[in-house]
Amino acid sequence: QVQLVESGGGLVQAGGSLRLSCAASGRTFSTYAMGWFRQAPGKEREFVAARSRSGVTSYYRDSVKGRFTISRDNAKNTVYLQMNSLKSEDTAIYYCAAGRQIGSVSRSYDYWGQGTQVTVSS
């Protein structure tokens, strides 16, 4: 079992930055690929970014490439999402997830956090 707790969300003006963190419980963090997803009101949950177990491979959705960076610190059991140049369309609840294989779809992940709200004002 892996428990995930996100933090770092909040209200920011367009063009600003936020860094989300996701702390994982347990001693097996390094054996999981980690992903970030988001869900805006009235919309389906969508993939944002993912990082492989080793940290060598990363995936991003096209709309965040060049603005968001996913990273992980296996010593701290934490994955991060640095979000720069935020836009109003980035407003959503952001969830981190853990799975055995890196992927860009929800079914790739077995464990999910409760989410953290990110609101970007224009």
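The values are calculated or read from the model by the stated rules, or taken from the named source; none is laboratory data. This is a predicted model, so every value here is computed, not measured. Every residue, glycine among them, receives a Cβ derived from its backbone with ideal geometry; neighbour counts consider all protein chains shown. Each accessible area value is taken on the protein alone, full model and side chains, heavy atoms only, with ligands, DNA and RNA left out. Shrake-Rupley method; radii C 1.70, N 1.55, O 1.52, S 1.80 Å.
For this structure, a couple of remarks:
- Every condition in (1) part of a loop (DSSP other than H, G, I, E, B); (2) closer than 14 Å to Gly113 by Cβ; (3) in contact with a strand residue (DSSP E or B) (Cβ under 7 Å, 6 or more places away or on another chain) holds for Gly26 except the one numbered (3).
- Scan of the stretch 29-65 for residues that are touching a strand residue (DSSP E or B) at 6+ places or on another chain (Cβ under 6 Å), without any contact (Cβ under 8 Å) to a residue 24 or more places away in the chain and farther than 20 Å from Arg107 by Cβ, ordered by number: Gly55
- Meets criteria (in contact with an Asp or Glu (Cβ under 9 Å, 6 or more places away or on another chain), at pLDDT below 95 and of a type in the set (A, V, I, L, M, F, W, C)) for Val2: yes
- Filter result (among the hydrophobic types (A, V, I, L, M, F, W, C) and closer than 16 Å to Ile70 by Cα) within the stretch 82-104: Met83, Leu86, Cys96, Ala97, Ala98, Ile102
- Filter result (open to solvent by 40 Å² or more (accessible area, probe 1.4 Å) and assigned to a loop (DSSP other than H, G, I, E, B)) within the stretch 51-76: Arg53, Ser54, Val56, Thr57, Arg61, Lys65, Gly66, Asn74, Ala75, Lys76
- The stretch 38-50 - residue that is of a type in the set (D, E, K, R) and in a strand (DSSP E or B) and, of those, most open to solvent (accessible area, probe 1.4 Å): Glu46
- Looking across the stretch 11-37 at every residue that is open to solvent by less than 20 Å² (accessible area, probe 1.4 Å) and touching a helix residue (DSSP H, G or I) at 6+ places or on another chain (Cβ under 8 Å), the one that is farthest from Val120 (Cα to Cα) is identified as Ala33.
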